[in-house]
Amino acid sequence: MAARGDACAAHGLILPQQLPLPLGSRVAFTREDFVPSLASAPALAFIDSWPHWPVAVAALHGPPGSGKSHLAAIWQARSRAQTVPAKELSGSLVTRDPALPLVVEDVDSAHVSPARDTALFSLLEQAQPEAPVLLTGHEPPSAWKTSLPDLASRFSALLAFPLWAPDDALLAAIARKLFNDRQLAVPDVVIERMVKSLERSPSAMRDFVAQADERALAEGRAINLALVRDMLAGAE
């Protein structure tokens with residue numbers, strides 16, 4: 001039985017009627033799978049510099065799908081950091097082992113509360129260069145809301161790396177990676193049409209790839225330009 005990305009694809013051949021098989025997807029968050037760009041270069045260089053960080057607390061911020069979670073996952077794998085969503089923070093986390101690095105995700109998406117903010121402030125106070133804290137969010141840290149003035153001051157002083165909206169080349173690379181994660185070989189014209197027609201965000205690419213995979217499986221079709229056109233027409 002032929003699988004996605006079979007021997008023909010390995011030899012540079014794309015089967016025009018390659019039918020998808022329900023093998024599932026593999027969300028690849030390794031360093032090798034990260035798609036670099038000018039927008040992500042400073043943040044990527046900082047992550048790559050571990051364990052020689054000059055600070056004990058840093059932040060990554062940008063729109064959904066911009067690479068924050070991927071970069072955080074790269075660092076988590078290298079540092080063996082714990083990861084926790086900010087919405088799950090409570091006073092109980094203040095007693096965590098301060099010798100362990102920590103990733104706190106989606107700070108500005110979590111409900112502002114005294115319990116969350118007290119835990120965050122304690123984590124930042126406990127952070128040390130050999131066991132730092134990496135925060136992620138959508139907006140710059142200076143815009144993150146908090147009920148504690150001292151925590152707001154700490155946010156504003158953070159070393160923070162922005163991740164910007166992607167250009168055509170990056171969107172195309174992201175789309176290609178998303179298809180590769182699902183072991184799907186698609187023609188270049190499919191990628192070009194997606195970049196031209198979809199919302200200009202990595203999250204839109206991710207959602208469309210998932211929908212294309214699901215529809216192709218349901219209809220027994222290849223993911224080609226005809227399928228993409230049908231999907232775009234149905235969305236109008």
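The values are calculated or read from the model by the stated rules, or taken from the named source; none is laboratory data. Predicted model, so just to flag it, every value in this text is computed and none were measured. Backbone-built Cβ (ideal geometry, glycine too); neighbour counts: all protein chains shown.
Filtering Pro141, Pro166 for residues that are surrounded by 19 or more Cβ atoms within 10 Å (Cβ to Cβ), under 27 Å from Arg80 (Cα atoms) and touching a residue at least 40 places away in the same chain (Cβ under 8 Å) leaves a single hit, Pro141. One residue alone among Leu159, Leu134 is under 25 Å from Ile74 (Cβ atoms) and crowded, with 18+ Cβ neighbours inside 10 Å, and that residue is Leu134. Just to verify a result, which residue in region 205-226, among those that are surrounded by fewer than 18 Cβ atoms within 10 Å (Cβ to Cβ) and free of Cβ contacts under 8 Å to residues at least 60 places away in the same chain, is farthest from Gly65 (Cα to Cα)? Step by step, filter region 205-226, then rank; the result is Glu219.
The lone criterion from (1) surrounded by fewer than 18 Cβ atoms within 10 Å (Cβ to Cβ); (2) outside the structural domain of Ser69 (by TED's automatic domain parsing); (3) outside any helix (DSSP H, G or I); (4) more than 20 Å from the chain's Cα centre (by Cα) left unmet by Arg200 is number (4). Looking only at residues of region 183-208 that are small (Gly, Ala, Ser) and closer than 25 Å to Leu163 by Cβ, we find that the one that is modelled with the lowest pLDDT is Ser203. Restricting to region 90-116, and then to whatever is under 25 Å from Trp53 (Cα atoms) and more than 21 Å from the chain's Cα centre (by Cα), can you tell me which residue is modelled with the highest pLDDT? Looking at the filtered set, the residue picked out is Leu100. When each of Leu123, Leu151, Leu89 is tested for being in contact with a Lys or Arg (Cβ under 7 Å, 6 or more places away or on another chain) and surrounded by 15 or more Cβ atoms within 10 Å (Cβ to Cβ), the lone residue that passes is Leu89.
Just one of Thr83, Thr136 is of a type in the set (Ser, Thr, Tyr), outside the structural domain of Lys177 (by TED's automatic domain parsing) and in contact (Cβ under 8 Å) with a residue 24 or more places away in the chain; which is it? It is Thr136. A residue that is within 19 Å of Lys177 (Cα to Cα) and modelled with pLDDT of 50 or more can be found somewhere in region 73-80. Annotation: of all residues in region 203-226 being small (Gly, Ala, Ser) and outside any loop (DSSP other than H, G, I, E, B), the one that is nearest to His138 (Cα to Cα) is Ser203.
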